[in-house]
Amino acid sequence: MHRVRLASFAIPLTLLPLLLAGCGGSSPDKTLTSVSSWTATVHLATADFRRRRVPTLYATELRDQARSALLDSRRTLGSQPLAVDDRRRATASLDSLHAALASLDHELDAP
Amino acid sequence: MKKWGELALGVVTSIGGFLEVGSIATSAQAGAEFGYQLAWALLLGTIGLAVLMEASGRLAAVSGRTYADLLRERFGIRFFMLPLVALLLVSFLVLASEIGGVSLALQFVTGVNLRWWALPVALLGWGLLWRGTFSAVEQGTAGLGLVALMFAVAAVKMHPQWGMLGRALLPSIPHHEPARYWYLVISILGASISPYLFVFYSAGAIEDGWSPEHLVVNKVTAGLGNLFGGGLAIAVLVVAALVLAPRHIRIDSYAQVPLMLSQPLGKAGVLLFAGTLFITCFGATVEIVLAMAYALAQGFGWPWSENLRPGKDSRFASSYTVFLFFAALIIVIGVDPLALTNISMVLTAASLPVTVVPLLVLMNDRTLLRRYVNGPFANTALVVLALMSVVVLVAALPLQLTGGG
Amino acid sequence: MGRLELANDVLDAQLVSRRDEKIGRVDSLLLELRQGRPPRVSAILMGGPVRAEREGRPFVWLSRALRAVLRIRRSGVTRLEFAKVLRIAECVRVDAEERDIEAEYVEHWLASHVVCRMPGAGGDQK
């Protein structure tokens, strides 16, 4: 019974580290994967919007989310120490997402 | 005739009831990152849930007692606190993510940020629970939940490779990112086999007045209903595999999920997705909060029933009111629904041992179940599930650290 | 002659009033020690403080802290004489009314001060 009493606390104590682990930050590789994923997302959204496959409201929301992801990624990568090649790769990735967003903006603003 | 009606209703409820914010997110992530490969995890989760729901339904129908009630009585207050605390903690997070799911659906169609929708959604759920009977709650979203069938339509329209999908129903080793692969397996299991589901199901059997005459209805509802529901989750995986995976799109935000439906379903895809998300997550919201209130009330011996006016079961009614309000606040303060879903699915999977193992013990108690105790097949299935749940508990933290999104 | 196991059949069992209202659970049993005679079960104890004692010291502290914060002066413990037990089966029926149970104080307070002031809360069945 003493063991059972201890176990009553073992459950929250086991689950608590899991909860905290879920709140952890991103590594540069994870951030870059996310950036290239968002770039592909924006390309797909742009193509679908051109073909009238997505509503304007949704495309606008997606653009806003992607822009927010771009800003967060810039901030994250900017604060991390990266080797020269990695910094170049990161800049190119961020620029790709920026360019993709500009295309989507153009489609959304077009009459 | 009435039994056939109950059967049909049970199956329909399960079809839409299987999908909710967790299963949609985990299935879509699995499809986007690993193609068809994780279909076996969905099948395993579906079968696991069917076995557990059938057991808890049989327990209630034969003994006339709910799972939470028997957990307290047979294992005592000291042990009971273990599954109770685990269930409340984990279900609270899942509840918040479901409210987030409904709010997201409203954001997709109105453009108004989901944080503004969380409290109104909680209020809507509360209103249904406060005024509605158990039948109203159970059946309210049953027929509407069939809108989730649009995932099946979308999957078929994408012309999947059926042979490859069939082979993916068998377990496989990942070709890349093993930590991420196994992390998603655990997430899928957590999304499919949620303890709140069988707490709710066994309480529902008592609310509906089930007896041993309902054992066939129970088997068909738990088995067929969940198989159809699991099929829908596999359809989500298939669509993500065919639309997102080839483009290397990983799901970092819920906003990316509707995009996978634009290819097969056009503009209607986004709207149908919003409708599905709204209905399935709303249904899950009321189920989860009721399960939490049932567990508390039954465990401590309070009056309880959705068919009683709140004045007759004040602590029960106050419990679901408080849980709904605070869960909505989590979304109001800006916690990301997808991040919340991801962590709560893993936590759910990790908490399974304390709810599955006691059920195994109860299902072999002849004083409760008489000749309806588990046979060798049911016992084998439950033992396998119990062992699997322990493995998941041990693996959850390392995989969250190495493979968590 | 029938048999009952106190731990399995009585402890933690659902308690119902003579009118079949749920009034909590058997949280503990009191044995009366009698000089020169065998001990006997004298009472059923119910209530948060009683449960906390069984759950362990941290729960006792938590229970005391909550009662201090909420300024609950009532004991929260009900003692039901075992002689009032009418029947022990899937639940324990006692010769008492729900309003006599001190441990159900929270239910009464919530019903009269909060729940019944809201629309749709009154009456019996929905």
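Brief remarks follow.
- Note on the range B:155-263: enclosed helices (runs of 4 or more DSSP H) holding 3 or more residues that are over 23 Å from A:Lys30 (Cβ atoms) are B:162-167, B:195-207, B:215-220, B:226-243.
- Of residues in the range B:386-404 being over 21 Å from the mean Cα position of the chain (by Cα) and within 8 Å of another protein chain (Cβ to nearest Cβ), the one nearest to B:Leu52 (Cα to Cα): B:Leu397
- Only one of the listed residues (B:Leu215, B:Leu189) is under 17 Å from the mean Cα position of the chain (by Cα) and either among the aliphatic types (A, V, I, L, M) or under 25 Å from B:Leu84 (Cβ atoms) (or both). That residue is B:Leu189.
- Within the range B:147-170, residues that are on the phi > 0 side of the Ramachandran plot reach partners that are surrounded by 19 or more Cβ atoms within 10 Å (Cβ to Cβ) with beta carbons closer than 9 Å, at six or more positions or on different chains, in the pairs B:His159/B:Leu242.
- Residue in the range C:36-83 that is farthest from the chain's Cα centre (by Cα), counting only those that are surrounded by 14 or more Cβ atoms within 10 Å (Cβ to Cβ) and charged (D, E, K, R): C:Arg67
- When residues of the range C:100-126 are limited to those that are more than 8 Å from chain B (Cβ to nearest Cβ) and in a loop (DSSP other than H, G, I, E, B), the one surrounded by the fewest Cβ atoms within 10 Å (Cβ to Cβ): C:Pro119
- Residue check for B:Val361: surrounded by fewer than 22 Cβ atoms within 10 Å (Cβ to Cβ), over 20 Å from the mean Cα position of the chain (by Cα) and either modelled with pLDDT of 90 or more or more than 13 Å from B:Ala55 (Cα to Cα) (or both): yes
- Qualifying residue in the range B:80-101 (condition: without any contact (Cβ under 8 Å) to a residue 60 or more places away in the chain and under 30 Å from C:Ala7 (Cα atoms)): yes
- Some residue of the range B:39-58 being within 19 Å of B:Ser344 (Cβ to Cβ), crowded, with 24+ Cβ neighbours inside 10 Å and in contact with an Asp or Glu (Cβ under 8 Å, 6 or more places away or on another chain): no
- Scanning the range C:1-24 for residues being exposed (fewer than 10 other Cβ atoms within 10 Å of the Cβ), charged (D, E, K, R) and free of Cβ contacts under 8 Å to residues at least 24 places away in the same chain gives a total of 2.
- Close pairs (6 angstrom Cβ cut-off, 6 or more residues apart or separate chains): farther than 18 Å from B:Gln107 by Cβ in the range B:261-274, part of a helix (DSSP H, G or I) anywhere: B:Gln263/B:Val243; B:Pro264/B:Ala154; B:Pro264/B:Lys157; B:Leu265/B:Ala154
- Extreme residue, nearest to C:Thr78 (Cα to Cα), among residues of the range C:5-42 that are polar (S, T, N, Q) and within 12 Å of another protein chain (Cβ to nearest Cβ): C:Ser28
- Considering (1) farther than 22 Å from B:Leu38 by Cβ; (2) surrounded by 15 or more Cβ atoms within 10 Å (Cβ to Cβ); (3) not hydrophobic (A, V, I, L, M, F, W, C), the lone condition that B:Gly127 does not fulfil carries the number (2).
- Taken over the range A:37-59, the criterion of being among the polar types (S, T, N, Q) and at the interface with another protein chain (Cβ under 7 Å from one of its Cβ atoms) is satisfied by A:Ser37, A:Thr41.
- Whether a residue is surrounded by 20 or more Cβ atoms within 10 Å (Cβ to Cβ) and out of contact with any His (no Cβ under 9 Å at 6 or more places or on another chain) was assessed, and B:Asn379 does not pass this test.
- Applying the set (1) assigned to a strand (DSSP E or B); (2) modelled with pLDDT of 95 or more to C:Asp12 leaves exactly one unmet item: (1).
- Where strands (runs of 3 or more DSSP E) sit wholly within the range C:25-99, those with at least 1 residues that are without any contact (Cβ under 8 Å) to a residue 60 or more places away in the chain occupy C:28-34, C:37-46, C:78-81, C:85-88.
- If you go through the range B:270-285 and keep only what is surrounded by 24 or more Cβ atoms within 10 Å (Cβ to Cβ) and either within 14 Å of chain A (Cβ to nearest Cβ) or outside any helix (DSSP H, G or I) (or both), you end up with B:Val270, B:Phe273, B:Leu277.
- The residue pairs whose first member lies in the range B:335-354 and is at the interface with another protein chain (Cβ under 10 Å from one of its Cβ atoms), whose second member is part of a helix (DSSP H, G or I) and of a type in the set (Phe, Trp, Tyr), and whose beta carbons are closer than 8 Å, counting only pairs six or more residues apart or on different chains, are B:Val346/B:Tyr183.
- Residue that is nearest to the other protein chains (Cβ to nearest Cβ), among those in the range B:286-331 that are of a type in the set (S, T, N, Q) and part of a helix (DSSP H, G or I): B:Ser314
The values are calculated or read from the model by the stated rules, or taken from the named source; none is laboratory data. Since this is a predicted model, take the numbers as computed values, not measurements. Every residue, glycine among them, receives a Cβ derived from its backbone with ideal geometry; neighbour counts consider all protein chains shown.
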